[in-house]
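The values are calculated or read from the model by the stated rules, or taken from the named source; none is laboratory data. Keep in mind that what you see is a predicted model, and the values were worked out from it rather than measured. Cβ placement follows ideal geometry from the backbone for every residue including glycine, while neighbour counts extend to all protein chains displayed. Heavy atoms of the whole protein, side chains included, go into the accessibility calculation; ligands, DNA and RNA do not. Shrake-Rupley method; radii C 1.70, N 1.55, O 1.52, S 1.80 Å.
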Amino acid sequence: MKRTVVFGFVGTVLDYVGKGSERWEKWRPTVGLCQQADLLIDTLVLLHDERNRGLFSRMQRDIAQISPNTEVISHEINLRDPWDFEEVYAALHDLASAYAFDTEHEDYLLHITTGTHVAQICWFLLAESRHFPARLVQTSPPIKRLGQGPEGRVSIIDLDLSRYDKIATRFAHERDASLSLLKSGIATLNPSFNRMIEQIERVAARSKAPMLLCGPTGAGKSFLARRVFELKRARHQLTGRFVEVNCATLRGDAAMSALFGHAKGAFTGAQTERAGLLRSADGGLLFLDEIGELGADEQAMLLKAIEEKRFFPLGSDREVESDFQLIAGTVRDLRAMVASGEFREDLYARINLWSYTLPGLAERPEDLAPNLDYELERFAREHGEQVRFNREARERFLRFATSSQARWRGNFRELGAAVTRMATLADSGRIGIDEVDEEITRLQAGWQDDQTDTLRELLGDAAGTLDLFDRMQLEQVIKVCRECRTLSEAGRRLFDVSRQEKSSSNDADRLRKYLARFGLDWASLQGRD
Amino acid sequence: MKMENPALVELDGAAGEGGGQILRSALTLAMITGRPFVIRRIRAGRARPGLLRQHLTAVQAAAAICAAQVEGAELGSTQLRFDPGAVRAGNYRFAIGSAGSAALVLQTVLPALWLAGAASCVSVSGGTHNQSAPPFEFLAQAWTPLLARMGVKQTLSLLRHGFYPAGGGEIIAHVEPVAGLQGISLLERGPLQDMHAEALVAGVPYKVALRELESVLAAFPAAGQTVIELPMEQGPGNALLLRVVHEVGCEVFCGFGERGVSAERIANGVVQAARRYLASPAVVDAHLADQLLLPMALAGAGEFTATEASAHLLSNKAVIEAFLPVSIALSQCQAAVHVRVCASG
């Protein structure tokens with residue numbers, strides 16, 4: 001049988017009921033604790049200060065009389081202010097650190113009825129954080145109506161909530177609801193995606209720090225950002241609005257003004273004051289998609305705005321304040337952009353704390369079916385018309401959609417478009433084999449066109465003279481080049497492994513030579529953009 | 001499994017009275033007979049099932065006296081196995097605090113020491129005058145004299161009173177060993193010789209005692225009366241004891257003062273109990289009947305008439321018959337219950 005060890009304060013108010021024999025008829029929490037028919041305390045560590053030595057000794061004598069097997073130990077702590085949170089917490093924390101807990105042979109209880117409310121809160125925190133491997137014990141006065149004696153009642157509270165079925169179930173429901181919200185109710189099956197969503201849920205609940213969502217276009221970055229906003233708003237962590245902007249659409253002075261606002265007369269045409277997106281997002285969530293597209297000035301302003309929660313609107317000498325949750329999105333590799341000096345390292349460090357890469361649809365084949373259902377529901381919602389696949393058609397579409405043929409370059413956005421097309425063309429609300437086959441052809445053609453067009457446009461008829469081997473390699477090289485800002489950046493990405501072996505690598509030169517073999521150069525590749 | 005150990009006694013803790021009595025009787029009988037027992041479903045029907053501190057106290061005291069091996073002696077445990085060793089006479093001190101009553105501990109352990117072959121001295125400190133347990137005076141004035149007629153040599157003395165909730169009292173029992181007990185027959189009370197009321201007060205106004213005695217006197221004008229004022233620090237506490245002495249022996253009725261309950265009501269409870277007894281032809285009241293059954297079973301013979309066949313008495317009978325080769329026959333005899341113990345087989 002484990003020994004029971006209790007820690008508690010001498011209750012200078014509740015335990016003090018006078019010295020006469022009538023004290024036995026009054027409820028004294030600490031004495032009553034030792035008098036319970038179904039609780040046997042082997043050791044009671046009583047915390048008190050110098051002034052209450054007398055009260056401690058009297059309690060020690062009384063407890064010896066009613067519970068001779070209980071060893072009562074004095075632990076003197078002199079608090080300057082027992083209502084000072086920091087001081088009380090530190091004192092109790094010290095006690096926990098110094099105590100040789102032996103959980104194998106001893107069972108620990110923290111008596112929370114005596115002591116200040118601050119002490120009560122500290123006991124709670126220390127038990128909850130397992131600094132004290134203890135349960136809480138609460139004593140309460142007798143209910144006379146029920147004939148309870150002066151020893152009162154005792155209840156033991158275990159903060160291991162998994163023991164409280166009702167509360168645990170409630171938390172589980174809440175968490176499930178939150179996860180479901182983040183996934184828009186789509187029962188996704190991809191384990192790494194689900195793990196990521198679970199972590200985002202936890203981070204969203206506990207942190208106000210910026211988040212960075214990476215991933216290909218159409219992977220659902222903007223969608224997820226909006227869901228995080230909704231989750232935080234439902235939890236009363238945000239009161240403001242959801243503000244979304246694609247940085248690629250912002251250029252020049254207009255970019256500054258759109259983000260940070262401007263004062264009246266700040267520039268020609270600035271006839272009225274403009275608040276700017278950052279200020280509109282005050283108390284809310286700002287989603288900056290394609291953050292890699294921001295110019296250097298905007299990056300600098302944004303960094304200040306994130307760090308200090310204040311900034312200068314264009315043409316204004318008065319700072320304005322805005323406190324918002326930032327989520328940034330990017331298709332491009334920001335780390336590489338930092339290396340090439342195109343993105344501020346300090347801004348990257350600031351937004352890279354919680355960074356998540358959203359996998360494309362092709363990497364989540366198991367999530368195709370649930371997303372397909374979601375898209376059908378969305379269509380029904382938006383068009384007020386229920387559309388279903390017939391069984392065979394659904395199977396055929398899914399078989400194609402999860403095959404290696406399906407590239408899903410536009411990811412979820414592309415899936416949504418496919419569903420919209422099939423649903424629109426379907427007669428009487430049923431998508432059949434014909435609609436599916438047509439759509440498969442359409443999708444394949446789209447992906448095919450994509451490739452041949454690129455080479456044909458750049459090389460003309462010469463494209464037809466290339467081997468499939470060269471065509472495929474060149475297509476991918478061109479794709480990377482178009483994702484990068486400079487020839488050097490593209491070179492670094494393409495020769496990412498071999499360059500590490502060279503003492504002085506000239507990736508840009510290697511790339512230039514490769515392109516030259518096909519009569520191509522950097523400028524001609526970028527020309528199409 | 002009785003096959004493994006034929007001496008093992010298996011008991012259902014929820015049978016009959018279903019409380020601590022079954023456990024205490026089993027402990028006493030295991031010590032005396034050396035037979036181990038398992039008791040299951042301890043206090044199964046109660047609001048707080050399983051062993052409470054007062055039961056644990058009795059188990060620990062019994063285990064100390066016979067060096068028993070015990071399993072399941074934990075708070076809240078609903079199953080207990082007790083393998084007794086040899087009873088060792090000697091000096092024992094049990095400090096039980098206010099967890100239970102000194103009288104219940106003594107009633108559990110003393111019978112084992114009666115036949116232990118050497119003298120013993122047992123001191124129990126804690127509550128001596130508690131609700132729902134016999135007070136010291138019952139043990140000393142009602143129980144011990146009848147035991148003496150059966151051959152038991154024990155004397156009890158009260159060193160200090162201990163009331164609920166403070167406890168702090170102490171009773172000392174001296175036991176001289178005897179070779180065996182003799183059965184007795186208690187079928188006739190004989191004439192009423194004396195009635196005496198005693199009001200104890202400690203840290204409680206003197207007039208409470210006076211009011212209690214006045215109420216007793218109103219019912220039994222011939223009764224003698226005494227107020228015993230105890231030192232303040234032994235309180236707070238108040239008990240009213242009414243001794244009714246017939247030729248055959250003494251009965252003690254008691255009531256305990258409680259906050260919010262008037263002195264008259266407490267006295268009235270005691271008076272009612274005494275009246276019920278006096279109106280009955282039985283020699284002993286329910287409590288004394290419980291406590292006579294075991295020594296008579298040890299003697300292997302004896303009979304008495306009791307006011308009623310209480311749940312405690314029936315539970316006790318069942319436990320005793322499980323341990324000892326005796327049969328206990330109950331029969332209705334006028335307005336009383338005739339209890340007869342005889343050796344079986």
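Observations on the structure shown:
- For region A:103-163, a Kirkwood hydrodynamic radius built from all Cα pairs, placed in the Stokes-Einstein relation at 10 °C and 1.306 mPa s, yields a translational diffusion coefficient of 124 µm²/s.
- Taken along its principal axes, the alpha carbon cloud of chain B reaches lengths of 63, 44, 40 Å, longest axis first.
- With a Förster radius of 41 Å applied to the beta-carbon distance between A:GLU501 and A:VAL203, the computed FRET efficiency rounds to 0.60.
- Label positions at A:SER129 and A:ARG145, each projected 7 Å from the Cα along the C-beta direction, are separated by 4.1 nm.
- With the convex hull drawn around the C-alpha atoms of region A:76-200, the volume per residue stands at 208 Å³.
- Relative to the dominant Cα principal axis of chain B, helix B:20-33 is inclined by about 50°.
- If R0 is taken as 56 Å, the Cβ-Cβ distance between A:SER355 and B:GLU308 corresponds to a FRET efficiency of 0.10.
- At full extension, B:ARG88 and B:ALA47 could sit 11.1 nm farther apart than now, given 0.36 nm per residue minus the alpha carbon distance.
- Estimated inter-spin distance, A:LEU466 and A:ARG442, nm [label 7 Å along Cα→Cβ]: 2.9 nm
- Dimensions in Å of region B:1-85 - Rg and Dmax from alpha carbons: 11.8, 35
- Beta bridges by DSSP in the protein assembly as shown, antiparallel share as percent, to the nearest 5: 50 percent
- Among beta bridges that DSSP assigns inside chain B, antiparallel share in %, nearest 5: 70 percent
- Summed buried accessible area for B+A [probe radius 1.4 Å, Å², rounded to 100]: 1800 Å²
- Coil-residue GluC sites (Glu not before Pro) of region B:250-318, DSSP, other Cβ within 10 Å capped at 15: B:GLU258, B:GLU308
- Excluding ligands, DNA and RNA, the accessible surface per residue across region B:185-292 is 44 Å² with a 1.4 Å probe.
- On a per residue basis, chain A carries 51 Å² of accessible surface, using protein heavy atoms and a 1.4 Å probe.
- Using all pairs of distinct alpha-carbon atoms, the Kirkwood hydrodynamic radius of region B:281-345 works out to 11.4 angstrom.
- Each helix, a run of at least 4 DSSP H residues, gives -39500 (n - 2.57); summed and divided by the residues of chain B, these come to -9500 deg cm²/dmol at 222 nm.
- Region A:140-276: C-alpha gyration tensor shape, a/c 1.5 cut-off, then a/b vs b/c: oblate
- Taking 0.36 nm per residue of separation and subtracting the current Cα-Cα distance, fully stretching the chain between A:ARG318 and A:ARG510 would add 64.0 nm.
- Region B:89-181, accessible area per residue, ligands and nucleic acids excluded (1.4 Å, Å²): 30 Å²
- Buried on complex formation within region B:156-204 (loss of at least 40 square angstrom of accessible surface versus the isolated chain, 1.4 Å probe, ligands and nucleic acids ignored): B:TYR164, B:PRO165, B:ALA166.
- Of A:SER155, A:PRO359, A:LEU515, farthest towards positive along the dipole that unit charges on Lys, Arg, Asp, Glu beta carbons give chain A: A:SER155
- Secondary-structure-derived ellipticity at 222 nm for chain A, considering helices only, amounts to -14000 deg cm²/dmol, per-run term -39500 (n - 2.57) for DSSP H runs with n ≥ 4.
- Accessible area per residue (1.4 Å probe, heavy atoms of protein chains only) ranks A:LYS264, A:LYS232 as A:LYS264, A:LYS232, with the largest value leading.
- According to the Cα-based calculation, Rg over Rh for chain A is 1.15, with Rh computed by the Kirkwood formula.
- Computed with the Debye formula from one identical point scatterer per Cα of region B:192-279, without solvent, the log10 of I(q)/I(0) at q = 0.20, 0.22 Å⁻¹ comes to -0.84, -0.99.
- Computed from Cα positions, the angle between helix B:311-323 and the longest principal axis of chain B comes to roughly 30 degrees.
- The apolar share of the surface of region A:3-145, taken as the fraction of accessible area on carbon and sulfur atoms (1.4 Å probe, ligands and nucleic acids excluded), comes to 50 percent.
- Distance-filtered residues of region A:426-449 - backbone nitrogen under 20 Å, label point 7 angstrom along A:GLN386 Cα→Cβ: A:426-433
- Simple spin-label estimate for A:ARG241 and A:ARG456 in nanometres, 7 Å along Cα-Cβ: 4.5 nm
- Sites A:SER404 and A:GLN473 - FRET efficiency at Förster radius 30 Å, r taken between beta-carbons, to 0.05: 0.95
- Each residue of region B:260-270 was assigned a 3J(HN,Hα) from its phi angle through the Karplus expression (A = 6.51, B = -1.76, C = 1.60, θ = phi - 60°), giving x, 10, 6, 4, 5, 5, 5, 4, 4, x, 5 Hz with x at Gly and Pro.
- When chain B is treated as a Gaussian network with alpha carbon springs shorter than 10 Å, the biggest mean-square fluctuation among B:VAL261, B:VAL87, B:VAL252 belongs to B:VAL261.
- Folded to 0 to 90 degrees: helix B:206-219 orientation relative to chain B principal axis, Cα: 90 degrees
- Over all pairs of different C-alpha atoms, region B:89-181 has a mean inverse distance whose reciprocal, the Kirkwood radius, equals 13.0 Å.
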